[in-house]
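**Student:** The following block contains the structure, expressed as structure tokens.
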Amino acid sequence: MENRFGMMFSGIADESEEYVELIPELDEMNEGVDLPSELLILPIKNTVLFPGIVIPITVGRQKSIKLVKTAYAGDRIIGVVAQKNVNAEDPSIHDVYSFGTVAKILKMLVLPDGNTTIIIQGKSRFQIDEMVSADPFLKAKYHIVEELFPPFDHEKTVAIVDSLKNAASTILKLNPEIPEEAQVAIDNIESPDFLTHFLSSNINAKVSEKQELLEENDGLKRATMLLEHMMKDIKMLEIKQEINERVNDDIDQQQRDYYIRQQIKALQDELGLEGPDHEVEALREKGRHKKWPKEVGEHFNKELDKVLRMNPSAAEYPVAMNYAELLLDLPWNEFTKDSFDLARAQKVLDKDHYGLEDVKERILEYLAVLKLKKDMKSPILCLLGPPGVGKTSLGKSVAKALKRNYVRIALGGLHDEAEIRGHRKTYIGAMPGKLIQNIQKSKSANPVFILDEIDKINRDFRGDPSSALLEVLDPEQNNSFVDNYLEVPFDLSKVLFIATANGMEGIHPALRDRMEIIELSGYTLEEKLEIAKQHLVPKQKKEHGLKSNDIQFDDDALVQLIDGYTRESGVRNLERKIGSVVRKTAKAFAMKEEYNKEVGAEEIKKLLGANRFDKEIYTDNDYAGVVTGLAWTSVGGEILFIESSLYRGKGNLIISGQLGDVMQESAKAALSFVKSHAAQLKIDYKVFENYDLHIHVPSGAVPKDGPSAGITILTAIASIFTQRKVKANLAMTGEITLRGKVMPVGGIKEKILAAKRAGINHIILSNQNKKDIDEIKDNYLENLMFSYVDHADEVLDIALLEELVDHPMVFEVNEKR
């Protein structure tokens with residue numbers, strides 16, 4: 001009721017002289033009005049028209065515009081009813097109240113936007129008897145409902161009229177926004193009926209409540225109902241005035257916001273409405289059931305207290321609410337129950353991944369200790385290996401074996417520390433770091449968390465994310481990890497972090513120290529064959545809609561794919577090639593063409609063309625200075641040939657084949673050893689001064705480096721200078737020192753498998769590499785002989801035959817110096 005009197009006495013009266021007199025008596029109002037037998041029905045939303053009241057209405061619906069224009073061209077009499085269903089754009093008789101007010105259109109204005117505004121005055125109440133038509137607009141038969149109010153001099157009438165006028169006067173005094181003219185107008189109203197209609201039209205009430213007042217026939221009962229509503233308005237205004245008195249005139253902007261919010265709160269409490277405070281209290285109630293630490297609960301309640309002091313329309317309000325909701329969503333001390341069935345875990349790991357025995361063993365060790373101790377801190381594992389060997393998918397299998405939730409973040413290309421630690425809430429668009437975000441998604445405080453590609457984190461002026469991970473991956477610190485956005489410690493000690501990396505070079509040294517490194521070497525041909533048979537082929541058949549018997553790969557076909565069409569440590573390209581073969585088969589199957597269900601090596605060549613890669617095969621020992629070495633590459637083991645040649649010169653050493661610094665130094669050390677042991681090898685020392693030595697490693701376009709070719713280069717140099725044959729079917733790998741000591745090297749498993757594939761049956765290794773051979777399965781060592789050495793002399797004794805090559809080189813020594 002606060003502003004409606006003002007509208008009645010200022011807004012409308014200036015529009016047109018036709019309706020300046022706003023409060024005529026009902027008897028005067030109905031004089032000279034001939035009512036039709038059928039009434040045009042105009043539905044209106046969100047308001048109720050009472051007899052004697054003048055209101056403007058904007059008409060936008062086409063049916064309503066037609067109705068208004070038709071009525072305005074005639075007697076201007078319409079029936080106005082309120083809509084029950086405000087969402088109905090084409091209301092029927094069921095969408096409107098049957099009780100309404102006969103009204104006269106005082107004026108019609110057509111606006112530029114196509115809408116039509118009419119000013120109408122209520123005449124008398126009516127009730128619909130029967131709907132005559134609904135098109136082009138509603139038309140109904142009706143009857144007028146007479147006013148039933150006791151005579152003005154009736155004792156109860158006088159009392160209720162005085163009560164209504166007193167209540168209206170109180171409202172006018174409490175609300176300074178209503179003009180003084182309203183009091184004069186109310187004092188001049190003599191008709192009890194019109195007084196109740198006038199005040200009913202201006203109270204703060206729902207449409208349904210006003211409709212009840214309009215439909216009530218008993219005048220005294222209607223006035224009593226109206227008085228109850230007015231008393232509520234008075235109480236609300238008194239509350240507002242009480243709040244006003246408590247607020248100082250010199251309050252700053254923040255206090256004014258608080259004042260307005262208190263007003264809204266008081267009004268909502270009085271009306272029984274739910275406001276922002278109820279939402280905050282609902283969050284507080286949820287917080288009582290969380291299992292978080294005591295200090296977190298206290299921090300949460302303090303944040304909610306801050307929210308209560310904020311204006312809901314302030315920019316900080318949604319930020320504070322989002323923060324409170326994040327605190328609630330995090331799984332504080334909420335854990336999934338680990339599965340300690342070690343036999344089941346073993347089956348899950350074996351089913352999902354072939355090989356990788358060291359990794360599986362470490363996981364089972366962790367489970368066993370956790371089963372016994374119950375409270376073991378989760379280790380920080382780092383799976384190190386080439387692409388495609390199953391590092392990331394192994395994390396999923398671990399989660400499945402433990403029955404834990406699984407989350408993963410890709411760290412490749414990450415360059416902002418805030419991605420790990422989050423942003424402070426003071427920044428626009430602030431959010432928690434990826435760790436907290438993923439913990440929130442996992443719904444548990446002990447998920448398996450994969451930190452993928454940890455070696456590919458970048459660093460720039462925005463910070464160093466790898467340094468931010470130091471706290472996360474330290475079991476002694478991560479029980480109180482503090483995200484910049486979260487501001488309170490969160491326990492990450494129960495999270496099983498598994499990092500993956502392709503190499504150690506890109507990992508921060510301090511970060512590397514915090515992780516347990518588990519190396520995953522590339523798969524051997526035999527392992528790739530089993531993986532293809534057990535996993536890749538069935539997967540590709542399923543993905544391409546083929547049944548098991550629609551296509552079959554024999555072992556020769558898979559070996560052909562592995563050796564001739566892929567060169568990798570993992571099996572990604574192998575899976576693509578298998579998929580390519582399966583797609584061609586699927587096409588033939590779909591087009592009902594003939595195709596070979598049994599795919600062999602020859603069929604592979606027909607489908608995919610010629611081999612993309614050729615592997616090195618051992619040839620013979622007919623040439624002096626040519627020795628077979630063993631190398632490790634990112635795609636597995638390879639054999640390589642060290643070739644050497646002598647020609648007249650001044651004792652220069654030429655090295656070619658894109659050899660790195662370490663490999664060149666190995667060549668120089670080997671040459672120095674041969675020179676220092678020339679007499680022992682029966683080499684004329686003058687040869688070194690009169691001949692240039694050229695050492696070359698084929699595949700010149702491929703960079704090569706590392707110390708493992710040391711003894712191979714030594715043997716090649718000794719062979720070329722002595723012209724002695726090298727033992728047939730022999731390969732070697734090992735580092736050599738200047739004193740001739742043979743040092744151990746890595747990648748032994750891959751190297752011996754490469755030698756075996758190349759047809760080599762005798763391998764020379766450092767004695768310290770014997771432990772690596774002991775860890776390799778016996779079936780990989782069949783038909784291989786190993787010679788373990790400690791010194792270069794032993795290498796040369798084994799590798800060089802006493803027999804000279806055919807057509808040995810004759811050295812000519814220049815005696816002049």
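The values are calculated or read from the model by the stated rules, or taken from the named source; none is laboratory data. This one's a predicted model, so the numbers in the text were calculated from it and none came from an experiment. As a convention, Cβ positions derive from the backbone with ideal geometry for all residues, glycine included, and neighbour counts pool all protein chains shown. We work out accessible area using only protein heavy atoms, side chains counted, and drop any ligands, DNA or RNA first. Shrake-Rupley method; radii C 1.70, N 1.55, O 1.52, S 1.80 Å.
**Student:** Sort out for me the helices (runs of 4 or more DSSP H) sitting completely within the range 224-314 that have 3 or more residues that are closer than 20 Å to Leu328 by Cβ and at pLDDT below 80. Break it down into steps so the answer makes sense when it comes.
**Tutor:** Details: elements: 253-271, 276-287, 294-308.
Hits in the range 224-314: 276-287.
**Student:** From the set of residues in the range 98-130 that are free of Cβ contacts under 8 Å to residues at least 40 places away in the same chain and outside any loop (DSSP other than H, G, I, E, B), which is farthest from Leu213 (Cα to Cα)?
**Tutor:** Val110
**Student:** Here's something else I'd like to know. Just one of (1) open to solvent by 40 Å² or more (accessible area, probe 1.4 Å); (2) under 17 Å from Trp632 (Cβ atoms); (3) assigned to a loop (DSSP other than H, G, I, E, B) trips up Asn783, so point out which.
**Tutor:** Condition (2) is where Asn783 drops out.
**Student:** While we're on this one: Just need a number here: residues in the range 430-454 that are open to solvent by 20 Å² or more (accessible area, probe 1.4 Å) and β-branched (Val, Ile, Thr).
**Tutor:** 0
**Student:** Another question, if that's okay. Can you name the residue in the range 400-430 that is among the hydrophobic types (A, V, I, L, M, F, W, C) and over 13 Å from the mean Cα position of the chain (by Cα) and, of all such residues, is farthest from His353 (Cα to Cα)? Spell out the reasoning first.
**Tutor:** Filtering the range 400-430 for residues among the hydrophobic types (A, V, I, L, M, F, W, C) gives 401-402, 407, 409-411, 414, 418, 420, 428, 430.
Filter once more, so that each one left must be over 13 Å from the mean Cα position of the chain (by Cα): 401-402, 411, 414, 418, 420, 428, 430.
On the way: Ala401: 12, Leu402: 16, Leu411: 24, Leu414: 29, Ala418: 35, Ile420: 31, Ile428: 45, Ala430: 41 Å.
Here the answer is Ile428.
**Student:** Between Val662, Val627, which is β-branched (Val, Ile, Thr), surrounded by fewer than 18 Cβ atoms within 10 Å (Cβ to Cβ) and either modelled with pLDDT of 90 or more or part of a loop (DSSP other than H, G, I, E, B) (or both)?
**Tutor:** Answer to the check: Val662.
**Student:** Quick check: anything in the range 70-77 surrounded by fewer than 22 Cβ atoms within 10 Å (Cβ to Cβ) and within 51 Å of the chain's Cα centre (by Cα)?
**Tutor:** Taking the range 70-77 and keeping what is surrounded by fewer than 22 Cβ atoms within 10 Å (Cβ to Cβ), we get 70, 72-77.
From what is left, the residues that are within 51 Å of the chain's Cα centre (by Cα) are none.
No: the range 70-77 contains no residue that is surrounded by fewer than 22 Cβ atoms within 10 Å (Cβ to Cβ) and within 51 Å of the chain's Cα centre (by Cα).
**Student:** Restricting to the range 752-770, name every residue that is part of a helix (DSSP H, G or I), closer than 15 Å to Ile711 by Cα and open to solvent by less than 10 Å² (accessible area, probe 1.4 Å).
**Tutor:** Result: Asn769, single match.
**Student:** Next question. One residue is enough: does the range 365-379 have a residue meeting the conditions surrounded by 17 or more Cβ atoms within 10 Å (Cβ to Cβ), under 25 Å from the mean Cα position of the chain (by Cα) and either over 29 Å from Lys456 (Cα atoms) or at pLDDT 85 or above (or both)?
**Tutor:** no
**Student:** Now for a separate question. Return the residue satisfying two criteria in turn: it lies in the range 210-231 and is of a type in the set (Asp, Glu) and closer than 19 Å to Ile53 by Cβ, and of such residues it is least open to solvent (accessible area, probe 1.4 Å).
**Tutor:** Glu216
**Student:** Now, a different point. Do we find that Ile119 is modelled with pLDDT of 85 or more and farther than 17 Å from Asn217 by Cα in this structure?
**Tutor:** Numbers: modelled with pLDDT of 85 or more: yes; farther than 17 Å from Asn217 by Cα: yes.
When the stated conditions are applied, Ile119 passes them.
**Student:** Separate question: Does the range 79-97 contain at least one residue that is open to solvent by less than 50 Å² (accessible area, probe 1.4 Å), modelled with pLDDT under 90 and in contact with a helix residue (DSSP H, G or I) (Cβ under 7 Å, 6 or more places away or on another chain)?
**Tutor:** Within the range 79-97, one or more residues are open to solvent by less than 50 Å² (accessible area, probe 1.4 Å), modelled with pLDDT under 90 and in contact with a helix residue (DSSP H, G or I) (Cβ under 7 Å, 6 or more places away or on another chain).
**Student:** Looking only at the range 132-180, filter to residues that are part of a strand (DSSP E or B) and open to solvent by 50 Å² or more (accessible area, probe 1.4 Å); which one of those is nearest to Ile65 (Cα to Cα)?
**Tutor:** Per the criteria, the residue is Lys139.
**Student:** Out of the residues in the range 574-592 meeting the condition of being of a type outside the set (A, V, I, L, M, F, W, C) and open to solvent by less than 60 Å² (accessible area, probe 1.4 Å), tell me which one is modelled with the lowest pLDDT.
**Tutor:** Thr585
**Student:** Any idea how many residues of the range 315-351 are buried (at least 18 other Cβ atoms within 10 Å of the Cβ), touching a Ser or Thr at 6+ places or on another chain (Cβ under 9 Å) and part of a helix (DSSP H, G or I)?
**Tutor:** 3
**Student:** Ok, one more. Report, by residue number, each residue of the range 665-701 that is assigned to a loop (DSSP other than H, G, I, E, B), open to solvent by less than 60 Å² (accessible area, probe 1.4 Å) and not charged (D, E, K, R).
**Tutor:** Just the residues of the range 665-701 that are assigned to a loop (DSSP other than H, G, I, E, B), to begin with: 677-686, 697-701.
After this cut, where a residue has to be open to solvent by less than 60 Å² (accessible area, probe 1.4 Å) as well, the list is 677-678, 681, 683, 686, 697-698, 700.
Answer for the range 665-701, where residues must be assigned to a loop (DSSP other than H, G, I, E, B), open to solvent by less than 60 Å² (accessible area, probe 1.4 Å) and not charged (D, E, K, R): His677, Ala678, Leu681, Ile683, Val697, Pro698, Gly700.
**Student:** Looking only at the range 425-435, which residues are at pLDDT below 85 and not small (Gly, Ala, Ser)?
**Tutor:** The answer is Lys425, Thr426, Tyr427, Ile428.
**Student:** Related question: Quick one: how many residues across the range 736-751 are surrounded by fewer than 14 Cβ atoms within 10 Å (Cβ to Cβ) and either under 16 Å from Leu640 (Cα atoms) or among the aliphatic types (A, V, I, L, M) (or both)?
**Tutor:** Total meeting the criteria: 1.
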